[in-house]
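A.B. asks: This is the structure, below, for whatever I ask next.
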Amino acid sequence: MKFRPGFALGLATMLFGAGNVFAGDCGCSAAPAVAASADAGCGCAAPQVSYVEKTIMVPTQVTEMRTVNKTATKMEARTRTYTVTKQVPRTETKTSTTTVMVPKQETKQVTYTVNKSVSSQVEESYQVNVAKTVTEEVPYTVNETIYTDKVETYKVQVPSTVTEQQTYQVSVCKTVPEVQTYTVQVPTTVNETVDYTVQVPHYVDVVQTYNVTVPVTTQEQVAYTVQVPVYTDEQVPYTVQVPVYTDEVVSTTVKVPYTEQRTGSRKVCRSFPVQSTRTVTKDLGSYQTVTEEVAVASGCGVAASSGCGCAAPAASSGCGCAAPAAPACGCAAPAAGCGCATAPAPATRTVCKKVWVPNVVTEEVPVTTMQSQMVDEPYTYTVSLCRDEVRQSTVKKVGYTTETKMRTVKKCSMTTETKTRTVNKVNYVTEARTRTVKQCQMKAETRQRTVSKTVMNTETRTRTVNKTVSEMETRTRPVSKTVMNTEERTRTVKVPSVVQKQMTRTVSKTVCTPETRTRMKTVVTSVPETMTKDVVTTVMVPEQKTSTYNVTVYDTVKEEKTDTYNVCVPYTVTEEVAVTVCKMVPQTVTVPVSGSAASVSGGCAAAAASSGCGCAAPAPAASACGCK
């Protein structure tokens, strides 16, 4: 550890502070000390600083050499023995005995029975159902609809057209000319000269060398092998299935048809008339003429009816003519004085109009309705049935026996023959040739062309535009109004009624009648006959065979081998190692010490006793200090 001057300076400051504190604890404050010195030389004077040498321990890093034991390794060669197992092959000869089935042919004479067929004609009877068509009359019921004429009264709304005058307003359009200012883009064409680059092709003759493969044909003799067929005749046995016929009686169940009459009942829908009543509401009202007082639109009547003399009544006065003066009268041509020839028209008038007066009457009306009902009806029907009958017949049954026959077969065997032929062999030879090729090279040329460019110029112009203005105008028009009038009319209506009628129809029915017939039948009879034949059979005879074969056997052999290997062996080495150690080194330091309390023994007690000044109170006996 290095010595730091700052550490020593801090230590000195600490000791100096401790000295000051020790001096201050002496019991003398600054003020009494000054007063005592001023009066009679008290022992509590101003503190004096003195420097004392002290020894302090400073930590210092020191390098020492120490002996250290270190473990090192070294390589040693050692040997070891191990056992290796390997498989050594050897060949052994073994003998095996096998049983082989050897075929042998034997000829035997076999007796067999053959059924020969004998045909004969036999007459037999059989039954046939002969179908006959029979016609019979069947009754049935038909519903017939009868229409009767009936006169009924009904009411009709008859329209009538009435014309009325109607006042309406029309928007009349008028065209007013107006001048507008607008801006127009006028195109102007300007010609400019522009440079552009063109790639112009130039052709140059270039000589190229290329290789051509030329075929050369040579003839060569080639030997080849051909398979030539050789045919030989060979006798081959084959098996034939010979049919044998036998008679067998077979029982067969036959369905014999017959007819049977049965009776049953079925549901039939019939319509029956039913009398009932229903409530009908009728309006038996009529149009009646009624008079009514109607208010007139203005206080003055129309000029044509009342004789006022005004083409149109004025809005300012009740008469329609306000004063004798022409402007205030409201008349186009006023009469003398008032401007109206007669007195004003009345405010109401009497009007006659037709009003429908309803008269609703409810009455019961008889009604005949047809209701459908399901009725049970008996009827007779014919059923075709079949009964089972067991019949017997003789049937030829075929059985097959196996026979062995011989036939001659062409056997083809192939022999190999060697022949020669001439073959054209093509060899290719490479030849170098030259040719002249046109090669295109592009050169850039700068040219000029004139381009038309359009420039837009803005111009301000004026134009006259027709503007449409709408004005309201009052007009009158006749309007057709449709009024419905009720009229009573009569009409003839067809009323249907259903009447049942009995009718008959002819129905065709097929009846089957059994009939017995005869026919000739061919019966084949089998007659057994005993025959003999020689049959060649193959018998398998067991035979012992001995064969020798080699077997490879592997023996396990152990072998010892020696192997050399390296081992790391540790050992101890002693070394001198430099070690940095922190030690406390003594160092002499000068330290400031306060000397006021230290120089005067007893503090201020003696001074206080001799002169009676200096300290406010004597120091305690336990302390060496003078004042508290």
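The values are calculated or read from the model by the stated rules, or taken from the named source; none is laboratory data. Predicted model, so just to flag it, every value in this text is computed and none were measured. We place every Cβ from the backbone using ideal geometry, glycine too, and count neighbours over all the protein chains shown. In case anyone asks, the SASA skips ligands and DNA or RNA and just uses the protein heavy atoms, side chains included. Shrake-Rupley method; radii C 1.70, N 1.55, O 1.52, S 1.80 Å.
A.B. asks: Take the Cα radius of gyration of region 197-266 and divide it by 2.2 N^0.38 Å, with N its residue count; two decimals is plenty.
C.D. replies: Numbers: Rg = 49.0 Å, N = 70, 2.2 N^0.38 = 11.1 Å.
In units of the globular-protein estimate, region 197-266 measures up at 4.43.
A.B. asks: With the full set of protein chains in place, find how many percent of the accessible area of region 185-250 is carbon and sulfur; take the probe as 1.4 Å.
C.D. replies: Numbers: 2640 of 4980 Å².
It is 53 percent, rounded to a whole number.
A.B. asks: Still on this model: Given a Förster radius of 45 Å and the C-beta distance between Arg489 and Val469 as r, what FRET efficiency does 1/(1 + (r/R0)^6) yield to the nearest 0.05?
C.D. replies: The calculated FRET efficiency here is 0.20.
A.B. asks: Residue by residue through region 265-273, which ³J(HN,Hα) values in whole Hz follow from phi under the Karplus form 6.51 cos²θ - 1.76 cosθ + 1.60 (θ = phi - 60°), with glycine and proline marked x?
C.D. replies: Whole-Hz 3J(HN,Hα) from phi for region 265-273: 10, 9, 7, 10, 8, 10, 9, 10, x.
A.B. asks: Can you tell me the Rg and Dmax of region 527-592, counting just the alpha carbons, in angstroms?
C.D. replies: 54.5, 168
A.B. asks: Moving on to the next point. Under the classification rounded if a/c is under 1.5, otherwise prolate if a/b is larger than b/c and oblate if not, where does region 377-500 fall, given a ≥ b ≥ c as square roots of the Cα gyration tensor eigenvalues? Numbers along the way, then the final one.
C.D. replies: Working: a/c = 11.83, a/b = 1.11, b/c = 10.62.
It is oblate, given that a/c is not under 1.5 and a/b is not larger than b/c.
A.B. asks: Arg66 versus Thr145, label points 7 Å from Cα toward the beta carbon: distance in nm?
C.D. replies: Going by the 7 Å Cα→Cβ label model, 13.9 nm.
A.B. asks: Right, something else. Once fully extended, how much extra length lies between Thr522 and Glu445, figured as 0.36 nm per residue of separation less the alpha-carbon to alpha-carbon distance?
C.D. replies: 16.0 nm
A.B. asks: In what order, largest first, do Ser276, Ser452 sit by accessible area if the probe radius is 1.4 Å? The partial results should precede the final answer.
C.D. replies: Numbers: Ser276 50, Ser452 85 Å².
From most accessible down to least: Ser452, Ser276.
A.B. asks: Identify the residues of region 118-161 with backbone N under 15 Å of a label point that sits 7 angstrom from the Cα of Val511 along the Cα-to-Cβ direction, or state none.
C.D. replies: 130-138
A.B. asks: Any chance you could tell me what percent of the C-alpha pair distances in region 170-221 go past 12 Å? Intermediate results must be reported in sequence, preceding the final value.
C.D. replies: Numbers: 1176 of 1326 pairs.
Every Cα pair in region 170-221 considered, those over 12 Å come to 89 percent.
A.B. asks: Using mean Cβ contacts within 10 Å as the protection proxy, how do 393-404, 358-369 order, highest first?
C.D. replies: Highest to lowest by the protection proxy: 393-404, 358-369.
A.B. asks: Over all pairs of distinct alpha carbons, what does the Kirkwood formula give as the hydrodynamic radius of region 360-412, in Å?
C.D. replies: Here the Kirkwood hydrodynamic radius works out to 24.0 Å.
A.B. asks: Quick one: what are the phi-derived ³J(HN,Hα) couplings along region 533-546, Karplus 6.51/-1.76/1.60 with θ = phi - 60°, whole Hz, x for glycine and proline?
C.D. replies: Each residue of region 533-546 in turn: 7, 8, 10, 8, 10, 9, 10, 8, 10, x, 9, 8, 10, 10 Hz.
A.B. asks: Still on this structure: Would you kindly derive the ³J(HN,Hα) couplings of region 356-364 from the backbone phi angles with the Karplus curve 6.51 cos²θ - 1.76 cosθ + 1.60 (θ = phi - 60°), listing them in order in whole Hz, with x for Gly and Pro?
C.D. replies: Once rounded to whole Hz, the list reads 6, 9, x, 9, 7, 10, 10, 9, 8.
A.B. asks: If I model a spin label as a point 7 Å beyond the Cα along the Cα-Cβ vector, how far apart are those points for Tyr565 and Lys155 in nm?
C.D. replies: My value for the distance between the label points is 13.6 nm.
A.B. asks: Something else about it: Could you calculate the contour length gain from Val242 to Thr209, that is, 0.36 nm times the residue separation minus the distance between their Cα atoms, to one decimal place in nm?
C.D. replies: Values: separation 33, 0.36 × 33 = 11.88 nm, distance 8.81 nm.
Length difference between fully extended and current span is 3.1 nm.
A.B. asks: Give, in nm to one decimal, the length gained when the segment between Val360 and Phe272 is fully stretched (0.36 nm per residue of separation minus the Cα-Cα distance).
C.D. replies: 28.2 nm
A.B. asks: Of the listed pairs Lys411/Lys533; Lys282/Lys353; Lys405/Lys533; Lys396/Lys533; Lys174/Lys467; Lys116/Lys396, which have alpha-carbon separations greater than 20 Å here?
C.D. replies: Beyond 20 Å: Lys411/Lys533; Lys282/Lys353; Lys396/Lys533.
A.B. asks: So how far apart, in nm, are the two label points at Met540 and Gln500 if each is 7 Å from Cα heading toward Cβ?
C.D. replies: 9.4 nm
A.B. asks: To the nearest 0.05, what FRET efficiency results for Ser120 and Glu377 with a Förster distance of 56 Å applied to their C-beta separation?
C.D. replies: 0.35
A.B. asks: Set the Förster radius R0 to 22 Å, insert the Cβ-Cβ distance between Glu220 and Glu417 as r into 1/(1 + (r/R0)^6), and round the FRET efficiency to 0.05.
C.D. replies: After rounding, the FRET efficiency stands at 0.60.
A.B. asks: Working from the pairwise distances between different alpha carbons, so that the mean of 1/r is found and then inverted, what is region 475-598's Kirkwood radius in Å? Show your work: numbers first, answer last.
C.D. replies: On the way: mean 1/r = 0.0231 Å⁻¹.
This gives a value of 43.3 Å.
A.B. asks: Given the protein chains as shown and a 1.4 Å probe, how many square angstrom of Thr97 are accessible, to the nearest 10?
C.D. replies: The accessible area of Thr97 comes to roughly 90 Å².
A.B. asks: So which lysines can Lys86 reach, going by Cα to Cα under 24 Å and dropping same-chain residues fewer than 8 places off?
C.D. replies: Straight-distance partners of Lys86: Lys558, Lys561.
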